[in-house]
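The values are calculated or read from the model by the stated rules, or taken from the named source; none is laboratory data. In this text the structure is predicted, and so the values were computed from the model without any measurement. Cβ placement follows ideal geometry from the backbone for every residue including glycine, while neighbour counts extend to all protein chains displayed. We work out accessible area using only protein heavy atoms, side chains counted, and drop any ligands, DNA or RNA first. Shrake-Rupley method; radii C 1.70, N 1.55, O 1.52, S 1.80 Å.
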Amino acid sequence: MSGTPVIRLTGVGRTFGERAPVTALHPTDLVVERGEYLSVTGPSGSGKSTLLHLLGLLDTPTRGRYELDGIDTGTLRDRDRSTLRGRRIGFVFQSFHLLPHRTAAENVALAQVYHRVPHAERTAAARAALRQVGLGHRTGALPGTMSGGERQRVAIARALVNEPSLLLCDEPTGNLDSANAAAVLAQLDGLHTRGYTLVVITHDPAVAARADRRVAIRDGVLTGSTGAVH
Ligand code: ADP
Ligand code: MG
């Protein structure tokens, strides 16, 4: 399994609409190996969200093939795609999407896909994920009492709790001041050191620079070290 890339896009493209079609992503090759930290930068309207939705199995390509952990996602039924997404992908968004009346631990526990696992075990897993992001002392805190950086770290813990193959981050520091952004970026560095596979989509060159491999997207065309062999 370790030799199989986490992500392999082969000629993946996405066109919206039929009468006046807009190609948001031109046919793209991209390979992300296990343990890599990749950033994707591009200006507004360049196709970042389109790519993120495809990688996150939230949308399907109009052409090409997307293999996630060696699984050809184009052959899956909707339910199987959802299951794959829940088990293999952790999402971190710009706005943290935490439930305000739930504690940090509850927010993380709710994300677990293994709902048949007893409540006590899920709580333990949530606490462990929070410890991984340095929030072991804040498990009982409500989001409203936490800083933006802490809230985003709860969101990272939530993304980690199912032990995903891929952590997909969309402007993870977009809503943070520089001190909180630095704390979140340090967390992502730490996850990379521990072997997680990260893809960070951002318009901020300073955020992109933290990755060990960078690609750019402009007008739906990916350039840079896409890892694809031609
Ligand atoms: P970014 O996230 O980099 O700002 P997007 O991926 O959202 O860019 O958009 C890329 C291009 O695709 C834009 O021209 C946008 O208008 C178009 N686009 C995105 N989603 C849709 C859609 N659902 N229907 C039609 N056009 C879309
Ligand atoms: Mg966008």
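Quick notes on this one:
- With 10 Å bins from 0: P(r) over the chain, alpha-carbon pairs, percent: 8, 33, 35, 19, 4, 0
- Proximal charge balance of Tyr37 [Cβ under 14 Å; K/R count +1, D/E count -1]: +1
- Within segment 133-230, the trypsin sites (Lys or Arg not before Pro) that combine a DSSP coil assignment with at most 13 other C-beta atoms in a 10 angstrom radius are Arg194.
- Among the trypsin sites (Lys or Arg not before Pro) in segment 68-106, those placed in a DSSP loop whose Cβ has at most 16 other Cβ atoms within 10 Å are Arg77, Arg102.
- Around Leu168: net Lys/Arg minus Asp/Glu count, Cβ-Cβ under 11 Å: +1
- Summing Cβ point charges (Lys, Arg +1; Asp, Glu -1) relative to the Cα centre of the chain gives a dipole of roughly 440 debye.
- Summed over the residues of the chain and divided among them, the accessible surface reaches 48 Å² per residue at a probe radius of 1.4 Å.
- Around Thr103: net Lys/Arg minus Asp/Glu count, Cβ-Cβ under 13 Å: +3
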